[in-house]
Amino acid sequence: MSIVIVHGGVETSSSLQFREVLRAAALAGHGALEAGLLDAAEEAVKILEESPLFNAGYGSVLNRDGDVEMDASIMDGTTGKFGAVAAIRSVSHPVSVARLVLEETPHVLLAGQGATDFALTRGFLPVDSRSPGMVETWQRARDRAKQGLSQETSPFTGLPPDSAKPCDTVGCVVFHDGRLAAASSTGGSFMKIPGRVGDTPIPGAGIFASPNCATACTGLGEAFIETLTANYVDSLVKKGLHPQEAAEKAMARLGERRAGAVGGIIVADHQGRFGAAHNSRSFPVALLVKGGLSESFIPRKLN
Ligand code: ASP
């Protein structure tokens, strides 16, 4: 039996356009399962990194200086092996660089210029990750700030909250024959100080995979780091909670510990059970079970 769950981030639109890319990502993940769980998780995330719709890869939000700096990670639940990149620039697939870190270096996390140089020396072609839409969003926010005008924008998307095209971090969890993996990728938070790193490349914070369960998170990275939420989900499932209960409990705990922290979580466990919860306006998820897409799975929204 196999399960692929893909999320498009908190505050991401659930409109058809977004759902279709998420579905394509879940199908790509499933198609790669034969090669391995890491292949499945990586391929699913790559589809989302290529889309300008999501805050990852080509759709990444810009930092304070108008540049894209991305975080990504991948984890094998069976071996506990982890690979990540932080504040990497100019690559189209940070998740694939994270996988190279996992498989071909003695390290678990490469950051900044070192991560970018590593990717370029390994054959990744330099790309401009700034999509026209995100450049426009950044320019508008900067111009308003210069004029002393405030504009309410989402820290996740850089867009006004009622924007027709919100977007955010992406993630994937995969279950296959009792084994688990997770991957995640993000442009981080809009207007962040250059060098800021979120929860996505921190194991136990925004991502975790063990023989027990696989978790991918999205939302206010600082809150996920301080609460080690992905690790908390793992501990709850280990205690016997259903992944749905674990996701809900972890979201409630996040809200208690960091007032106002917005987030979303997807989880799959070693028995092939799964769950998802969030406290944002929307959190689109595509679920594929045994090769068939399920239209009826909707993450539980908590207040
Ligand atoms: N967690 C990501 C970060 O803080 C952003 C997000 O998922 O919304 O970098």
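Structure notes:
- Residue in segment 234-250 that is among the small types (Gly, Ala, Ser) and modelled with pLDDT under 95 present: no
- Segment 88-131: number of residues that are part of a helix (DSSP H, G or I) and under 17 Å from Ala183 (Cβ atoms): 13
- From the list Glu20, Glu34, Glu11, Glu104, the lone residue that is open to solvent by 10 Å² or more (accessible area, probe 1.4 Å), farther than 14 Å from Pro201 by Cα and touching a Ser or Thr at 6+ places or on another chain (Cβ under 8 Å) is Glu11.
- Filter result for Gly80 (within 15 Å of Pro201 (Cα to Cα) and not in a strand (DSSP E or B)): yes
- The sole residue among Ala56, Ala84, Ala44 that is in contact with a Cys (Cβ under 6 Å, 6 or more places away or on another chain), surrounded by 24 or more Cβ atoms within 10 Å (Cβ to Cβ) and either touching a residue at least 24 places away in the same chain (Cβ under 8 Å) or closer than 18 Å to Val197 by Cβ (or both) is Ala44.
- Tallying residues that are in a strand (DSSP E or B), more than 9 Å from the ligand (Cβ to nearest atom) and within 16 Å of the chain's Cα centre (by Cα) within segment 198-240 yields 7.
- Qualifying residues in segment 172-197 (those that are small (Gly, Ala, Ser) and not in a loop (DSSP other than H, G, I, E, B)) - the one nearest to the ligand (Cβ to nearest atom): Ser184
- Criterion (over 17 Å from the mean Cα position of the chain (by Cα), within 30 Å of Lys146 (Cα to Cα), in a loop (DSSP other than H, G, I, E, B) and within 16 Å of the ligand (Cβ to nearest atom)) met by exactly one of Asn63, Asn55: Asn63
The values are calculated or read from the model by the stated rules, or taken from the named source; none is laboratory data. Remember, predicted model here, so these are calculated numbers, not experimental data. Please note: Cβ atoms are built from the backbone with ideal geometry, for glycine as well, and neighbour counts cover all protein chains shown. Side chains included, ligands, DNA and RNA excluded: accessible areas come from the protein's heavy atoms. Shrake-Rupley method; radii C 1.70, N 1.55, O 1.52, S 1.80 Å.
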